[in-house]
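Beneath this line is the structure, given in structure tokens, with notes to follow.
The values are calculated or read from the model by the stated rules, or taken from the named source; none is laboratory data. Everything quoted here is computed from the prediction, not taken from an experiment. Here the Cβ positions follow ideal geometry from the backbone for every residue, glycine too, while neighbour counts run over all protein chains shown. With ligands, DNA and RNA removed, areas are computed over all heavy atoms of the protein, side chains included. Shrake-Rupley method; radii C 1.70, N 1.55, O 1.52, S 1.80 Å.
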There are 2 protein chains.
Amino acid sequence: MTARKATALDVAKVAGVSRSAVSMVLNGNIKGNVSREAQERIRAAARELNYLPNPVAVSLRNQRTATLGIVTDEIVTSPFAGRLVSGATNAALARGYMILVVDTEHIPGRDEPAIDALQHRRVDGLIYATGSLKPYSPTDPFRAQPAALANCFDPQDRLAAVVPDEVTGSRRATELLLQLGHRQIALLGGDDEHAALLREQGYRAAMENAGLSSRDQQVVVTGWDIDQGYQAAESVLQEPDRPTAVLAANDRVATGILLYAASAGIRVPEQLSVVGYDDQQNVAANLVPALTTVALPHAEIGAIAVNRVLDELEGGERRTERVLVPCPLITRQSTAPAA
Amino acid sequence: MTARKATALDVAKVAGVSRSAVSMVLNGNIKGNVSREAQERIRAAARELNYLPNPVAVSLRNQRTATLGIVTDEIVTSPFAGRLVSGATNAALARGYMILVVDTEHIPGRDEPAIDALQHRRVDGLIYATGSLKPYSPTDPFRAQPAALANCFDPQDRLAAVVPDEVTGSRRATELLLQLGHRQIALLGGDDEHAALLREQGYRAAMENAGLSSRDQQVVVTGWDIDQGYQAAESVLQEPDRPTAVLAANDRVATGILLYAASAGIRVPEQLSVVGYDDQQNVAANLVPALTTVALPHAEIGAIAVNRVLDELEGGERRTERVLVPCPLITRQSTAPAA
DNA sequence: TTGAAAGCGCTAACAC
DNA sequence: GTGTTAGCGCTTTCAA
């Protein structure tokens, strides 16, 4: 079973050629150097022996490990953006690379050792990925080798960054509500994090566009979690001329809003439309009622970031612009025409 | 900045010794072969040059990569057990290993290529980890090298497995409810997955123990998601002599129960106590009211599995028993004495 | 057209 | 006590 793996020498012996011929043929470096027949014999022998070059030896020789490193502040640990890592892994796998991930769990000072460890392992490229959208000023190692930012961005744009198009996402969500005839639409939850700012921008833009000035706009900042959504709803839905629709800062906030609405006897979507943000797995689609929400394209972000790094690595030039990935609006049961 | 890294030869030159002396000293293999002074000079030179052995070269030479592979069906992709991977990564890092993860996303047939890819990369050990507790029959590669199962187990116990102690967890949860004076306690949600079976076992054991026979026990099987928790609650809480406490199959089911209770005007915990399972991040602690629940020790499971593999790898003998990791009961606001 | 040889950076057996 | 040497498996230059 665990028979010693075949080496290039074994293949050469079987094919009756030299080790170097094997290497050349299998790497496509035959500058008219190996006869057709020999090539055939080599390929046949390789297939027969199930030969694959030992990646460790190749790495030592080529000074490349076919490995990318991801440093993240919380993606693996937290339940939200795991698909970023799997999107990245799949994109890497498709191009013959593997990924080494280190999660710093937001522990101060762990960034640098993590990057060091990855560099020590001779990764060919680096990605810094954050759980929530935020600015991140890349340290030297990121600027000295192929690298990209995922779900975060360099305020000075010295490094390629892949981020969700939050503004358009929340603008679209607001537009949906407006089209349904809602005029009193409130934005609930969130705080001063970057994503909240952008989502608010999109909301205000759509409202403005519909002729609803800031007097008609209502933003209640409480946070990102269920209980904070509950609080926000509590503070806004008790008044007699309450909003007929709310935009939640994310799906957890929406959950809190739904919880409050249920306890207050407010029927969703008949008396109140609710839109979330994230399309969180096992949450948005399973709430009661199922939640209309804006999806965060985490897998795509991871994949694009990886391809950016690999393009640069494989000879492309360095590009530093930000890529905005669209956030699709997903319509479910929590939204309905205004009464 | 990206100055060429120092090699053992550089260190040897600076210290005025041979390459091999450097290697021996830095690896602690001085069988009385190197003079004290030389040792000092070597260490000093290594420090000065910031020398670290190139792991790629060491791998090629030692036929070991200091890398472990994890194949998982959904841990990275799904939002639940990410801490298993980070627990594993941290445990590995602490012993000088790195981890390569491949998530098969439950796609049939992806297991084998994933394992192949990892083996091709010459990982020193393998871990198979599942998102939810289940039996898993390890394929040959797992039995041919140091390996362990995390959150799953070999029905034939040919391989070490690390799993949560689900039975004790739900027994404790039920006991808490009994101590609070509840007698009508229902178990809601779940299906025929292994975890559900064990959790039911614990529930029934505790009930039995309190003198409540199967006639007093009530199990409603609907599934693991929010909407299914809602359904289960709907079917059980409408009756006049409804339970005064419920055990949810997990925190999402508990969320659904809370949602139904709110809409039905049933106050938690005054009129109904609710206990969850998982202690899901950003959910359990943030529900309204904050959820009493049983924590799933994912990080610990990952760490123990890694240490099992590394122990075997570093000379320990192969052990194949199952390790049961305790599930701590976390008391919050959703439970109260029976009225 | 083919094969020999050097070398990536390291460790360990073996001579000195 | 110390240094030399032979590989680990591969790629690529260079000589035949």
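Positive end of the dipole of the protein assembly as shown, charges at C-beta (+1 Lys, Arg; -1 Asp, Glu), about the Cα centre: which of B:LEU26, A:ALA303, B:ALA232 has its Cα farthest in that direction?
Value computed over the given set: B:LEU26.
Can you list, shortest first in nanometers, how far B:ARG64 lies from the same residue in the other copies, with each label 7 Å from Cα toward Cβ?
3.0
At 10 °C and 1.306 mPa s, grab the translational diffusion coefficient of segment A:185-339 from Stokes-Einstein with a Kirkwood Rh over Cα pairs, rounded to a whole number in µm² per second.
Stokes-Einstein gives a translational diffusion coefficient of 96 µm²/s.
Starting from the 7 Å offset along Cα-to-Cβ, what nm value, one decimal, do you get for the label separation of A:GLN119 and B:THR139?
Here the answer is 3.8 nm between the modelled labels.
Can you bin segment A:26-109 into rounded, prolate or oblate? Criterion: square roots of the alpha carbon gyration tensor eigenvalues sorted a ≥ b ≥ c, rounded for a/c under 1.5, prolate for a/b above b/c, oblate for the rest. It would help to have the intermediate numbers written out before the result.
On the way: a/c = 3.95, a/b = 2.90, b/c = 1.36.
Verdict is prolate for segment A:26-109.
Rg and Dmax of segment A:59-159, using alpha carbons, in Å: what are they?
When restricted to the Cα atoms of segment A:59-159, Rg and Dmax are 13.0, 40 Å.
So who's got an amide H within less than 5 Å of the one on B:LEU126, skipping anything under 5 residues away but keeping other chains? H placed 1.01 Å off N, in plane.
Distant-sequence amide H within range of B:LEU126: B:GLY69, B:ALA147, B:ALA148.
If amide hydrogens are placed 1.01 Å from N in the peptide plane, which non-local residues have theirs closer than 5 Å to the one on B:VAL325?
Amide H neighbours of B:VAL325, under 5 Å, 5+ apart: B:VAL163, B:ASP165.
In nm, to one decimal, how far is the modelled label at B:ARG158 from the one at A:ALA290, with both set 7 Å along Cα→Cβ?
Label-label distance for B:ARG158 and A:ALA290, simple model: 4.3 nm.
For segment A:328-333, what does the Karplus curve 6.51 cos²θ - 1.76 cosθ + 1.60, with θ = phi - 60°, yield as ³J(HN,Hα) per residue in whole Hz, taken in order and with x for Gly and Pro?
Once rounded to whole Hz, the list reads x, 8, 10, 8, 10, 9.
Mind checking the dipole of segment A:8-54: about its Cα centre, +1 per Lys or Arg Cβ, -1 per Asp or Glu Cβ, Debye to the nearest 20? Intermediate results must be reported in sequence, preceding the final value.
Working: 7 positive and 4 negative charges, 21 e Å.
In total the dipole reaches around 100 debye.
Determine Rg/Rh for the protein assembly as shown; Rg is computed over alpha-carbon atoms and Rh is the Kirkwood hydrodynamic estimate from the same atoms. Can you show the working numbers first?
Working: Rg = 28.7 Å, Rh = 27.7 Å.
Expressed as Rg/Rh, it is 1.03.
With charges set only on the Cβ (+1 for Lys and Arg, -1 for Asp and Glu), what does the dipole of chain A come to about its Cα centre, in debye to the nearest 20?
For chain A, the charge dipole is close to 1880 debye.
Tell me the total accessible area that B and A bury against each other, 1.4 angstrom probe, in square angstrom rounded to 100. Don't skip to the answer; put the middle values down first.
Working: alone 16830 and 16850 Å², together 28680 Å².
By this definition, chains B and A bury close to 5000 Å².
With +1 on each Lys and Arg Cβ and -1 on each Asp and Glu Cβ, how big is the dipole of the protein assembly as shown about its Cα centre, in debye rounded to the nearest 20?
Charge dipole of the protein assembly as shown: 3040 debye, to the nearest 20.
At B:ILE107 and A:GLN184, where each label point lies 7 Å from the Cα along Cα→Cβ, what is the point-to-point distance in nanometres?
With each label placed 7 Å out from Cα toward Cβ, I get 4.9 nm.
For Cα pairs less than 8 Å apart in space and 6+ apart in sequence, what is the mean separation divided by the residue count of segment A:8-54, i.e. the relative contact order in percent?
Taking the mean separation of contacting Cα pairs over the length of segment A:8-54, I get 44 percent.
Given the C-alpha centroids of segment B:276-293 and segment A:247-306, what is the distance between them in whole angstrom?
18
Assign one of three labels to segment A:246-294, namely rounded, prolate or oblate, based on the Cα gyration tensor with a ≥ b ≥ c the square roots of its eigenvalues; rounded applies when a/c is under 1.5, prolate when it is not and a/b is larger than b/c, and oblate otherwise.
prolate
How large are Rg and Dmax for segment B:218-260 when only the alpha carbon atoms are used, in Å?
Reported Rg and Dmax, both Å: 9.2, 26.
Where Rh denotes the Kirkwood radius from the mean inverse Cα pair distance, what is Rg over Rh for segment A:8-54?
Numbers: Rg = 9.2 Å, Rh = 10.1 Å.
Result for segment A:8-54 is an Rg/Rh of 0.91.
Based on alpha-carbon centroids, what's the gap between segment A:175-226 and segment B:208-224 in Å, whole number please?
Using only Cα atoms to place each centre, the spacing works out to 47 Å.
What is chain A's relative contact order, in percent, from Cα pairs under 8 angstrom and six or more apart in sequence?
Contact order relative to length: 17 percent.
For segment B:279-327, just say rounded, prolate or oblate: build the C-alpha gyration tensor, square-root its eigenvalues into a ≥ b ≥ c, call rounded for a/c under 1.5, and beyond that prolate if a/b exceeds b/c, oblate if not.
prolate
Along the positive direction of the dipole of the protein assembly as shown (beta-carbon charges: Lys, Arg +1; Asp, Glu -1; about the Cα centre), which of B:TYR277, A:ALA15, A:VAL101 reaches farthest?
A:ALA15
Collect residues whose amide H, placed 1.01 Å from N in the peptide plane, falls under 5 Å from the amide H of B:ILE99; neighbours closer than 5 in sequence don't count.
Amide H to amide H, under 5 Å and 5 or more residues apart or across chains, B:ILE99 pairs with A:VAL101, B:LEU68.
How far is B:ILE107 from the same spot in each other copy, in nm, shortest first, if each label point sits 7 Å from Cα toward Cβ?
Going from nearest to farthest copy, the values are 3.4 nm.
Kirkwood hydrodynamic radius, chain A, all distinct C-alpha pairs: what's the number in Å?
Taking the inverse mean of 1/r over all distinct Cα pairs, chain A comes out at 22.8 Å.
Between segment B:10-50 and segment B:93-170, what's the alpha-carbon centroid distance in Å?
What the calculation gives is 40 Å, centre to centre.
Mind putting together the pair-distance distribution for segment B:147-211? All Cα pairs, 5 Å bins, whole percent per bin, short to long.
Using 5 Å bins, I get a P(r) of 4, 17, 23, 19, 14, 10, 7, 4, 1, 0 for segment B:147-211.
Sequence gap at least 6, Cα distance under 8 Å: using those rules, report the relative contact order of segment A:181-325 to the nearest whole percent.
Taking the mean separation of contacting Cα pairs over the length of segment A:181-325, I get 20 percent.
So which helices of chain B fit the span-like rule, where a helix is a whole DSSP H run, its Cα atoms reach 15 Å or more along the axis, and its mean Kyte-Doolittle is at least -1.0? Don't skip to the answer; put the middle values down first.
Values: long enough: B:36-49 (20 Å, -1.18); B:82-94 (18 Å, 0.67); B:166-179 (20 Å, -0.34); B:194-209 (23 Å, -0.70); B:226-237 (16 Å, -0.03); B:251-263 (18 Å, 0.81); B:298-313 (23 Å, 0.52).
Helix filter hits for chain B: B:82-94, B:166-179, B:194-209, B:226-237, B:251-263, B:298-313.
Pulled fully out, how much extra length does the chain show between B:ASP191 and B:GLN238, if you take 0.36 nm times their separation in residues and subtract their Cα-Cα distance?
On the way: separation 47, 0.36 × 47 = 16.92 nm, distance 2.19 nm.
Difference between extended and current length: 14.7 nm.
Give me the percent of accessible area attributable to carbon and sulfur for chain A, probe 1.4 angstrom. Before the final figure, lay out each step's value.
Details: 7050 of 14350 Å².
The computed percentage sits at 49.
If you count, for each residue, the other Cβ atoms within 10 Å and average over each peptide, how do B:266-272, A:253-259, A:223-229 line up from highest to lowest?
A:253-259, A:223-229, B:266-272
Where in segment B:196-239 does the label zone of B:ARG322 land, with the point 7 angstrom along Cα→C-beta and an amide N cut-off under 16 Å?
Under 16 Å, as judged by backbone N against the label point of B:ARG322, lie B:196-203 of segment B:196-239.
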